[in-house]
1. Restricting attention to segment 204-229, which residues are within 16 Å of ligand 1 (Cβ to nearest atom), surrounded by fewer than 20 Cβ atoms within 10 Å (Cβ to Cβ) and closer than 19 Å to Phe267 by Cβ?
2. Mind listing just one residue for me: the one in segment 79-90 that is in contact with a helix residue (DSSP H, G or I) (Cβ under 6 Å, 6 or more places away or on another chain) and open to solvent by 10 Å² or more (accessible area, probe 1.4 Å) and, of those, nearest to Gly289 (Cα to Cα)?
3. In segment 182-203, what count of residues is obtained for those that are more than 14 Å from ligand 2 (Cβ to nearest atom) and open to solvent by 70 Å² or more (accessible area, probe 1.4 Å)?
4. For segment 158-170, indicate whether the set of residues that are at pLDDT below 90 and either surrounded by fewer than 15 Cβ atoms within 10 Å (Cβ to Cβ) or within 16 Å of ligand 1 (Cβ to nearest atom) (or both) is non-empty.
5. Applying the selection to segment 57-75, what residues are within 21 Å of Gln123 (Cα to Cα) and either within 25 Å of the chain's Cα centre (by Cα) or hydroxyl-bearing (Ser, Thr, Tyr) (or both)?
6. In the set Tyr151, Tyr105, which member is within 20 Å of the chain's Cα centre (by Cα), crowded, with 19+ Cβ neighbours inside 10 Å, in a strand (DSSP E or B) and among the hydroxyl-bearing types (Ser, Thr, Tyr)?
7. Condition first: polar (S, T, N, Q) and either touching a residue at least 60 places away in the same chain (Cβ under 8 Å) or over 21 Å from Glu38 (Cα atoms) (or both). Now tell me which residues in segment 101-138 satisfy that.
8. If you take the residues in segment 230-277 that are more than 16 Å from ligand 1 (Cβ to nearest atom) and at positive phi, which one is modelled with the highest pLDDT?
Amino acid sequence: MSFRIPRGTVDLMSGEVEKWQYIEDKARELCRRYHFSEIRTPIFEQTELFQRGVGETTDVVSKEMYTFLDRGGRSLTLRPEGTAGVVRSFVEKKVYGEPQPTKWYYIGQMYRYERPQAGRQRQFHQFGIEAFGATDPALDAELIDLGWQFYHSVGIRGVKVALNSVGCSTCRPRHREKLVAYLTPHKEALCKDCQTRFDQNPMRILDCKNEGCQQVTHDAPRMVDYLCEECEPHFEAVKENLDLLDVEWFLDTRLVRGLDYYTQTAFEYILEGQGGHAGSLGGGGRYNGLVQEVGGPEMPGVGFGLGLERVMLALDSQEVKLPIAHGVDCYIVSLGDNAKKRSVLLLKELRQSGSTAERDYLDRKMKGQLKAADRAQARFVAILGENELEKNQIVVKEMATGEQTTIQLDKLATYIREISGKDHS
Ligand SMILES: [Zn+2]
Ligand SMILES: [Zn+2]
């Protein structure tokens, strides 16, 4: 029997996993500066949480969830997105009772049963932000800016923010009425999915990628023209703040987002030169009704979820070279038993001083050890034979130049640390 990795999943290994660590570090660092703290929620939750918190009519809930019964007969679901679990925690732990706002971020795996394709896996990763307890449009803008900065910080160019307002429970019905009236004569021309949306959530027809549907909705009533006296100034202020922050944004009146819980601000990060939704890297919006939907008090929230697989694709397509250090700083080549014993401590000293250090574990001859050092992309090899050991010295050779120097044994760690510019001790 041979085992295979499940469809839609990948193993991240050396060479690739360092890139993931790099972009995750960038995300964490930005969150630190913007004063968001990390929250880690379980990767599975009660199925009902997603049905309520994401919305029964969404594709995510109706078609894509990994749902199973545990041994106790409870229906659980692998999280298809990050917000519902975070909101559940916010409500369950009564964090809403503390001084607001609450600013959280998460990085982790999500699960959706989809047809795997480039940038879309069944187990995928998201970096997300949630901020609760404030309606201030400056917070929407700050968060949009944070995501935008994230793409910049990893080296992706040409990211713009598509922005829309999807209104609230006051103004949305007015728009819905006009939209339904407009669409009714064209109902037959809509795709099968949109025929269903027509009854459940007609606004999402605006978001359909089907060409026929896009033609039908070309001149359809726009939500932004129906915003109420609360949503209208809120949207204006979001735009104003984005301009203050120098974020490149554009109005996209078709932008609805797939999930049902958004109110007012909706946004997506679009990669220039890749039209439509193929270029969407991730997005988010405001969800003022969600905390209540999940059993908490009335409490506003705003957030985003960014697909990290998309980030990797964009980095590849733009041929961004991440500044990731490969290889070891120093590889110790030892000859003879005494030298080998001494190298054990040398290795420890190198590592304690902050250098990456390695040695041979297979009793290779000199030539074999040098080859291994080469494979480990060693910047320096330190060669310790019986002769050197007697004189309490060691030969250090820079692999790239072949330059060689002899130093005191007990100076090796300091020497390597200084020359490779590392000081973590
Ligand atoms: Zn409104
Ligand atoms: Zn459609």
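The values are calculated or read from the model by the stated rules, or taken from the named source; none is laboratory data. Values in this document were obtained by computation on a predicted structure and should not be read as measured data. Note that we place each Cβ from the backbone using ideal geometry, even for glycine, and neighbour counts take in every protein chain shown. When the accessible area is computed, the model is the full protein with side chains, heavy atoms only, and any ligands, DNA or RNA have been set aside. Shrake-Rupley method; radii C 1.70, N 1.55, O 1.52, S 1.80 Å.
1. Taking segment 204-229 as the starting set, the residues that turn out to be within 16 Å of ligand 1 (Cβ to nearest atom) are 221-229.
Cutting the leftovers down to surrounded by fewer than 20 Cβ atoms within 10 Å (Cβ to Cβ) gives us 222, 224-225, 228-229.
Scanning segment 204-229 gives Arg222, Val224, Asp225.
2. Filtering first and then ranking leaves Arg88.
3. Start the filter on segment 182-203 by keeping residues that are more than 14 Å from ligand 2 (Cβ to nearest atom), which leaves 182, 184-185.
Checking which are open to solvent by 70 Å² or more (accessible area, probe 1.4 Å) leaves us with 184-185.
Matching residues across segment 182-203 total 2.
4. Quick first cut of segment 158-170, residues at pLDDT below 90 only: 169.
From what is left, the residues that are either surrounded by fewer than 15 Cβ atoms within 10 Å (Cβ to Cβ) or within 16 Å of ligand 1 (Cβ to nearest atom) (or both) are 169.
Scanning segment 158-170, I find at least one residue that is at pLDDT below 90 and either surrounded by fewer than 15 Cβ atoms within 10 Å (Cβ to Cβ) or within 16 Å of ligand 1 (Cβ to nearest atom) (or both), so the answer is yes.
5. Within segment 57-75, the first condition is being within 21 Å of Gln123 (Cα to Cα), and the residues that meet it are 58-70, 75.
Once the filter is applied, which keeps residues that are within 21 Å of Gln123 (Cα to Cα) and either within 25 Å of the chain's Cα centre (by Cα) or hydroxyl-bearing (Ser, Thr, Tyr) (or both), segment 57-75 yields Thr58, Asp59, Val60, Val61, Ser62, Lys63, Glu64, Met65, Tyr66, Thr67, Ser75.
6. None of the others qualify; the one that does is Tyr105.
7. Filtering segment 101-138 for residues polar (S, T, N, Q) gives 102, 109, 117, 121, 123, 126, 135.
Within segment 101-138, Gln109, Gln117, Gln121, Gln123, Gln126, Thr135 qualify.
8. Top of the filtered list is Asp246.
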